[in-house]
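Notes follow once the structure below has been shown.
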Amino acid sequence: PHPAGLGAALTHPNITTDYSEALLEFITQPTEDTEALIAQLDDVQRYTYSQLQATDEKLWVASMPCMLGDDSDVPLARYGDSNAGRMKTVYRQGLGERYGRLMQTIAGIHYNFSMGDEFWSFWLAREGEDGESVEQFKNRRYFDLIRNFRRNFWLLLYLFGASPAVCRSFVKDRGHSLSEFGKDNHSLHAPHATSLRMGDLGYQSSAQDSLVICYNNLENYVQTLCGAITQPFQEYVEMGVKNEQGEHRQLNTSLLQIENEFYSTIRPKRTSFSGETALSALQSRGVEYIEVRCVDLNPYEPMGINAEQMYFLDVFLLYCLLDSSEETDSIKYQRSLENQRRMVYEGRDPDLRLLSSVGEQSLPQWGHALLDEMLLVAAILDNSYDTKRYSESVAAQREKLDNPDLTPSARILREMGEKDETFFALAMRLSTQHAEAYQQAPLAESEQQRMAELAEQSHREQQGLDAQPQEDFDEYIRAYYQQYQCSH
């Protein structure tokens, strides 16, 4: 169960759960300072470890899970008795019914990115179309960013992919193309893999293969996604919303229960109000920020990510925002999916070729061309913040293009071979190493007390929500889905 000392997952601002009670999710507040973000994440994890010591639990440092049993061994996350809390649990029940619970135990980094209002006002004055509002301009340009990201994110999988191997228990009942690692029959891998999490072993669905989401503008994006949430899907219709005992199996019988079920490498986002759908928030108030979802946890980093990687991600995303961006058609859409597949399984193969608008290119050829252009963006950021960290972050990634052995995925496989370790043994060794380091350097007493009070406050808030009179749950769900009908 979610440790009481970490607060209530429904109401805590920094610590919640993802799919399962045991799958922690840490949330940092928006900031313009990368070092401040790192410090905030460090404090949250340090406090978390203080609450795990009594149970001898650790944070698992890899994106891919290990030593899994059956689906039934993965407990759904619980959020209390309010309708909002029940809906979150039923949604997870639906994911388990549709895809299996083991698939939901994968973890990763979600990197959120936005530009400030002053930037948008300045850019609109320079390049906006006649009569275009700031919100319209932001929507248009954020979708420019998204399309460029989808064309180029294969580079992130190569540079930061850290899941080249998995435990056999994860794929025990599923077809796959992986091979045993040496004489180790517990671990499976692909020799040149980068991020198996982002391939067909990860949170993917054959049911969603027919779903093509349009990223050319906000209106088309909302319309295509809304259709997938409101149109019945035969396989899920046959499953039914409830079982014979009248308990919910899923929220609806459509291809998607809610927006979050659609797996994408990047999403446009808008903070929603309580009870408001994500699409309604987007449609009524526009894109507020974008969420990057293709970054693996780096098991060698105590927080799964470090400052240098964040500086590079900022350069990469700003480059995607500023570069010209053609609209996507079906050919370009499929091209980005094929590049993703090739990079996942063959990313470090020296003979790899990727599909571009000018034909097939080698990874070093295309990668260096991208980094050359990103260096111009890094120079602007360096100048703005009186630092060299942005250009240095680009230089560090260039070394990986020239030497695949420097990538996290290569390092993991190399250490498994050199130390004769299974994937489980490597991840457990690093998990233990990070746990011991955190426990030997506890939070300052004042910060520990502040975090403890925050946890207590979240419990009181959830208890308050649970104590409020609730309308019939089915009626609550019906009213929630009415918003999709309106936006569709």
Legend entry - Residues of the range 339-368 that turn out to be part of a helix (DSSP H, G or I) and either open to solvent by less than 50 Å² (accessible area, probe 1.4 Å) or of a type in the set (Phe, Trp, Tyr) (or both), as a count: 10
Inset, instruction - Determine if the range 440-459 includes at least one residue that is in contact (Cβ under 8 Å) with a residue 24 or more places away in the chain and open to solvent by 90 Å² or more (accessible area, probe 1.4 Å). - result: yes
Inset, instruction - Can you tell me which residue among His368, His434 is within 18 Å of Met64 (Cβ to Cβ) and at pLDDT 95 or above? - result: His434
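Residue-wise test of (1) open to solvent by 20 Å² or more (accessible area, probe 1.4 Å); (2) assigned to a strand (DSSP E or B); (3) aliphatic (A, V, I, L, M).
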{"position": "Leu10", "(1), (2), (3)": "yes, no, yes"}
{"position": "Pro13", "(1), (2), (3)": "yes, no, no"}
{"position": "Ala22", "(1), (2), (3)": "yes, no, yes"}
{"position": "Glu32", "(1), (2), (3)": "yes, no, no"}
{"position": "Leu37", "(1), (2), (3)": "yes, no, yes"}
{"position": "Gln45", "(1), (2), (3)": "no, no, no"}
Legend entry - Enumeration of residues in the range 255-288 that are open to solvent by 50 Å² or more (accessible area, probe 1.4 Å), among the polar types (S, T, N, Q), outside any helix (DSSP H, G or I) and closer than 14 Å to Gln483 by Cβ: Ser272, Ser274
Inset, instruction - Spot the failing condition for Met64; the list is (1) within 18 Å of the chain's Cα centre (by Cα); (2) closer than 30 Å to Arg460 by Cβ; (3) in contact (Cβ under 8 Å) with a residue 40 or more places away in the chain, and only one is missed. - result: (2)
Inset, instruction - Would you kindly identify the helices (runs of 4 or more DSSP H) lying entirely within the range 401-488 that contain at least 2 residues that are among the acidic types (Asp, Glu)? - result: 408-418, 445-467, 473-487
Legend entry - Which listed residue is free of Cβ contacts under 8 Å to residues at least 12 places away in the same chain, over 30 Å from Gly367 (Cβ atoms) and not hydrophobic (A, V, I, L, M, F, W, C), from Ser274, Ser284, Ser280: Ser284
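Of everything in the range 22-54, what is of a type in the set (Val, Ile, Thr), farther than 14 Å from Pro3 by Cβ and in contact (Cβ under 8 Å) with a residue 40 or more places away in the chain? Give them in sequence order. Explain how you work it out, then say what you get.
Residues of the range 22-54 of a type in the set (Val, Ile, Thr): 27-28, 31, 34, 38, 44, 48.
Narrowing further to those that are farther than 14 Å from Pro3 by Cβ: 27-28, 31, 34, 38.
Of everything in the range 22-54, those that are of a type in the set (Val, Ile, Thr), farther than 14 Å from Pro3 by Cβ and in contact (Cβ under 8 Å) with a residue 40 or more places away in the chain turn out to be Thr34, Ile38.
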Inset, instruction - Could you tell me whether the range 126-138 includes any residue that is in contact with a Leu (Cβ under 6 Å, 6 or more places away or on another chain) and modelled with pLDDT of 95 or more? - result: yes
Inset, instruction - Run Met67 past the list (1) touching a strand residue (DSSP E or B) at 6+ places or on another chain (Cβ under 9 Å); (2) part of a loop (DSSP other than H, G, I, E, B); (3) buried (at least 18 other Cβ atoms within 10 Å of the Cβ); (4) not hydroxyl-bearing (Ser, Thr, Tyr) and report the number of the one that doesn't hold. - result: (3)
Inset, instruction - List the number of the failed condition for Leu376; all other conditions in (1) of a type in the set (A, V, I, L, M); (2) part of a helix (DSSP H, G or I); (3) open to solvent by less than 70 Å² (accessible area, probe 1.4 Å); (4) out of contact with any strand residue (DSSP E or B) (no Cβ under 8 Å at 6 or more places or on another chain) hold. - result: (3)
Inset, instruction - Determine whether the range 78-89 contains at least one residue that is touching a Phe, Trp or Tyr at 6+ places or on another chain (Cβ under 8 Å), closer than 21 Å to Met303 by Cα, touching a residue at least 12 places away in the same chain (Cβ under 8 Å) and not hydrophobic (A, V, I, L, M, F, W, C). - result: no
Inset, instruction - Tell me, please, whether a residue that is more than 28 Å from the chain's Cα centre (by Cα), farther than 30 Å from Ala162 by Cα and of a type outside the set (A, V, I, L, M) can be found in the range 438-445. - result: yes
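Out of the residues in the range 47-64 meeting the condition of being assigned to a loop (DSSP other than H, G, I, E, B) and hydrophobic (A, V, I, L, M, F, W, C), tell me which one is surrounded by the fewest Cβ atoms within 10 Å (Cβ to Cβ).
Ranking the qualifying residues of the range 47-64, first place goes to Leu59.
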Legend entry - Residues (more than 13 Å from Asp70 (Cα to Cα), small (Gly, Ala, Ser) and not in a helix (DSSP H, G or I)) located in the range 90-110: Ala107, Gly108
Legend entry - Answer from Arg411, Arg389 - the residue that is closer than 19 Å to Val315 by Cβ, in contact (Cβ under 8 Å) with a residue 60 or more places away in the chain and either open to solvent by 50 Å² or more (accessible area, probe 1.4 Å) or in contact with a strand residue (DSSP E or B) (Cβ under 9 Å, 6 or more places away or on another chain) (or both): Arg389
Legend entry - Of the criteria (1) touching a Pro at 6+ places or on another chain (Cβ under 8 Å); (2) of a type in the set (Asp, Glu); (3) within 21 Å of Leu430 (Cβ to Cβ), which one Asp56 fails: (1)
Legend entry - Filter result for Gly227 (more than 18 Å from the chain's Cα centre (by Cα), among the small types (Gly, Ala, Ser) and exposed (fewer than 15 other Cβ atoms within 10 Å of the Cβ)): no
Inset, instruction - Determine which single condition Asn298 fails, assuming it passes every other condition in (1) part of a loop (DSSP other than H, G, I, E, B); (2) open to solvent by 30 Å² or more (accessible area, probe 1.4 Å). - result: (2)
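Is there a residue being over 28 Å from Leu178 (Cβ atoms), surrounded by 13 or more Cβ atoms within 10 Å (Cβ to Cβ) and either of a type outside the set (Val, Ile, Thr) or without any contact (Cβ under 8 Å) to a residue 40 or more places away in the chain (or both) anywhere in the range 396-403?
Yes.
The values are calculated or read from the model by the stated rules, or taken from the named source; none is laboratory data. Everything numeric in this text was worked out from a predicted model, so none of it was measured. Counting neighbours? That spans all protein chains shown, and the Cβs are built from the backbone with ideal geometry, glycine included. Please note that ligands, DNA and RNA were not included when accessible areas were found on the heavy atoms of the full protein model with its side chains. Shrake-Rupley method; radii C 1.70, N 1.55, O 1.52, S 1.80 Å.
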